[in-house]
1. Taking θ as phi - 60°, what are the ³J(HN,Hα) couplings along the range 162-176 by the Karplus curve (6.51, -1.76, 1.60), each to the nearest whole Hz, with x for Gly and Pro?
2. Cα gyration tensor of the range 303-382, axes a ≥ b ≥ c as square roots of the eigenvalues: rounded (a/c below 1.5), prolate (a/b > b/c) or oblate?
3. Using a 1.4 Å probe and ignoring any ligands, DNA or RNA, find the accessible area of THR357 and quote it in Å² to the nearest 10.
4. Starting from the exponent 0.38 and prefactor 2.2 Å, build the expected Rg for the range 99-153 from its residue count and divide its actual Cα Rg by it.
5. Considering only protein heavy atoms, with the full assembly of protein chains and a 1.4 angstrom probe, order ARG222, ARG169, ARG42 by accessible area, largest first.
6. Using alpha carbons only, how many angstrom separate the centre of the range 367-382 from the centre of the range 62-94?
7. Skip the ligands, DNA and RNA, and give the accessible area per residue of the range 31-175 with a 1.4 Å probe, whole Å².
8. Taking a probe of 1.4 angstrom, what is the accessible area of GLU73 in Å², to the nearest 10?
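The values are calculated or read from the model by the stated rules, or taken from the named source; none is laboratory data. The shown structure was predicted, so the numbers you read here are calculated from the model rather than taken from an experiment. Heavy atoms of the whole protein, side chains included, go into the accessibility calculation; ligands, DNA and RNA do not. Shrake-Rupley method; radii C 1.70, N 1.55, O 1.52, S 1.80 Å.
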Amino acid sequence: MRTTGVPARTRIAATVALVLGVLLAGCTDGGAGTEDGRITLRFQSLAWQQESVEATKELVREWNATRPDVRVEYVQGSWDSVHDQLLTSFEGGEAPDIIHDASDDLADFAYGGYLADLTGLLPERLTSDIPERSWQTVTFGDGVYGVPFLQEPRVLIANSDLLRESGVRVPTPERPWSWAEFREVTERLSGDGRYGVAWPLKEPVSATLNLSLSAGGRLFHRGADGKVTVRFEEGDAVVPRTVHDQVNTDRSAPASTLGSGGSDTLPGFFAGEYAMVPLGFSYRQQIVQQAPEGFDWQVLPAPAGAEGLAQGVSPQTLSIAEDCPHKKEAAAFIDFLLRPENMVRLALGDWMLPTGTEALKDPALHTAEHGWATGAALARHLRPAPAQSVRGYPSGRTRWPPPPCRSTTAAPSAWPACGNVWRRTATWSWPATSAEPAPRQAVPPPAPAPARRRLVFRLRRPGRRLASPPWQRTTRSSSPVTAGVARTPSGCVAAPEP
């Protein structure tokens, strides 16, 4: 595509300047004191919604106004590139002092020695206010490498008018739908060119793993020796089986949204093409801003399984860089930022739930408007996401399992075979207490027969580039949903031996 109006040399120079600006944001003697003895700490925030950015900046201004000896400098980051940007900053010794991230992105940085162990740095008020289940999301080995402060459950955003017209029972946190009932409801809501539900599964691994906790699924199992093994069991099949049946058997969900992000489904939802959409709790902000006038919608809890309403989450976190020379002062700023009243301001700005028990009691989080009360009722059911402690997960979650094994078009009979492939090729042996990156030790599979091919997939290690995954280099499929991949008779993707 030809770009006009701006010379190529100018565009390149502007791009280089932007990249350098991000990388050099922390090059001014990180956390160093000035000649007058004042300490400056750089705080990289990933707040992106206008309300959230304003709330965070206002808190930084309040801190600076009352503590002239420790000045905090606000640095704007981006969720889209945070992992690679932080890795580059850590390697170059230019990381921010205080780092906003998510718990499922911390494992590599914690084990790599880039983040400070916060044990003993945080006040008892803060450590006791956040539940132990939330602290588990930032605990790696014997250290605590972040403070979890915001979280969001996955909920069902529903068209209220369509629910009333259908006469289906409306679920509540006290009496949710089961996964089987959810399938029946979506079938009743379908017809006349409308689908009962639209599944936006741009990141299918995260969505299905976290929802599978309600059915007793985990997939990743850490043993007492610290090793993580992969087992695909009956509980892991409930969510993908439901989606598969809704798309292929009941025709109550479209296949066209399976590769979409949550925002991509909103126009169809507003137009009445879908009665419900499973989304993160914070998507309510976009709905409030974008919904047509008079559009009536509501928040419903996700379906429950054998483990009730349990689901996995990866909370947003605040960490301190290991290279920060003023960790005590950085911890004091985090404590200020996460006082109950301030945590509420951050939660409201991001349309999420606070992890702190005192903040969660705030009346503003228990109103019926915009479904706040439903979300608050789900907070006690949230658990650490199953995959977040697995090294390499942030860079691999969009590439594995192989497309057919994670696709709703793979026949249910193929799932055990997919699970066997996971077991053969994806057994990790990373010590829970290791401070240095350890190599993945895969259990070698039995030698395949000459005419057979096996699936091989790898997780990218920090700083290492891999060629495109094997399943992207095989014979193309004619399926409109899984076009671009090849499948074995079992339904899993086939790839030649490397």
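1. Working through the residues one at a time gives 5, 5, 5, 5, 6, x, 6, 5, 8, x, 10, x, 7, 9, x Hz.
2. Working: a/c = 3.20, a/b = 1.69, b/c = 1.89.
Verdict is oblate for the range 303-382.
3. Per-residue accessible area (THR357): approximately 60 Å².
4. For the range 99-153, the normalised Cα radius of gyration is 1.07.
5. Numbers: ARG222 95, ARG169 60, ARG42 10 Å².
Sorted by accessible area, descending: ARG222, ARG169, ARG42.
6. Measuring centre to centre over Cα atoms gives 31 Å.
7. On the way: 6050 Å² over 145 residues.
In whole numbers, the range 31-175 has 42 Å² accessible per residue.
8. Accessible area, nearest 10 Å²: 60 Å².
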